[in-house]
Amino acid sequence: YHPAPLSERTPPDTPVLHTSVSYSAPVSYTIASGDDKGYFVIHSSSGVIKTTKNLKLEDFPVTFIVRATDSSDAAIYNEAAVKVEVIDENDFPPVFPSSLLEETLAENSSATQIVQLKAQDKDTGRNGFLTYGILNGHGLKFRINETTGVLYSNTTFDYEEEPTEYQVVVYAEDDGIPEKKRGYCTVVIRITD
């Protein structure tokens, strides 16, 4: 048996699977082995398997053995494996080590790398896969590599003719299901003479 994957937010007492056997006499169902952490319980006469507690993603997948035993003769039984998988929910937004960074950029520098930003996401899989972007790029003066998080200047700056400070708001966005989550970092860029 391989039931549909469960969400890691599945509450206790949720039905997972209805096992059944074709047998002429009454049978009793038990979980024979494999459910070492006690996540599941099976109803002895109906064969319905339910969760017993909140699921921890890191403990899955779990494969356990269900046994159907002849109610009048314990020596007669059959077993089947049940594999249960759990889907990671998008629990966490990306987080930058600091929400504010200060960098300097010499005037008249050609387009150049300013800083590499790196966010962390505690989710796994696509829920932890990050892309980077700029919320406000001051026209097209700055750009970011969406994969690496490297922030670049796109132009040269003139200390005397233009602002000497720019605040660039960068985001990291996960590829979460059902919704994407973002974390933010403001990079203050000071143009030096």
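What follows draws every value from the coordinates through simple rules; no lab data is involved. Because the structure is predicted, anything quoted here is derived from the model rather than measured. Here the Cβ positions follow ideal geometry from the backbone for every residue, glycine too, while neighbour counts run over all protein chains shown.
Could you work out the relative contact order of the chain, using alpha carbon pairs under 8 angstrom and six or more residues apart, expressed as a whole percent? Mind dumping the intermediate values first?
Numbers: 460 pairs, mean separation 38.4, N = 193.
Over the chain, the number comes to 20 percent.
Give a quick list of GluC sites (Glu not before Pro) in segment 121-193 that DSSP marks as loop, anything other than H, G, I, E or B, with at most 14 other Cβ atoms within 10 Å.
Passing sites in segment 121-193 are Glu146, Glu160, Glu161, Glu179.
Long-range amide H contacts for Val150: which residues qualify at under 5 Å (H placed 1.01 Å from N, peptide plane, sequence gap of 5 or more or a different chain)?
Leu117, Asn145
DSSP loop GluC sites (Glu not before Pro) in segment 68-134 with at most 14 other Cβ atoms within 10 Å of their Cβ, which ones?
Sites meeting the loop and neighbour criteria: Glu85.
Going by Cα centres, segment 106-124 and segment 129-186 are how many Å apart?
Spelled out, the Cα-based centre of one part sits 8 Å from the other.
To make sure I understand the rule: partners must be lysines, Cα under 21 Å from the Cα of Lys53, and not fewer than 8 residues away in the same chain. Which ones qualify?
Partners found: Lys37, Lys83.
Taking only C-alpha pairs under 8 Å that are 6+ residues apart, what is the relative contact order of segment 100-191 in percent?
38
List the trypsin sites (Lys or Arg not before Pro) in segment 1-75 that DSSP assigns to loop (not H, G, I, E or B) and whose Cβ has at most 15 other Cβ atoms within 10 Å. Which are they?
Arg9, Lys37, Lys53, Lys56
Work out Dmax and Rg for segment 100-191 from the C-alpha atoms and quote the Rg first, both in angstrom.
Calculated on Cα positions, Rg and Dmax stand at 14.5, 48 Å.
Roughly how many whole Å is it from the C-alpha centroid of segment 56-73 to that of segment 1-49?
7
Near the amide H of Phe40, under 5 Å away, which other amide H atoms are found, from residues 5 or more places off or on another chain, if H is placed in the peptide plane?
Thr52
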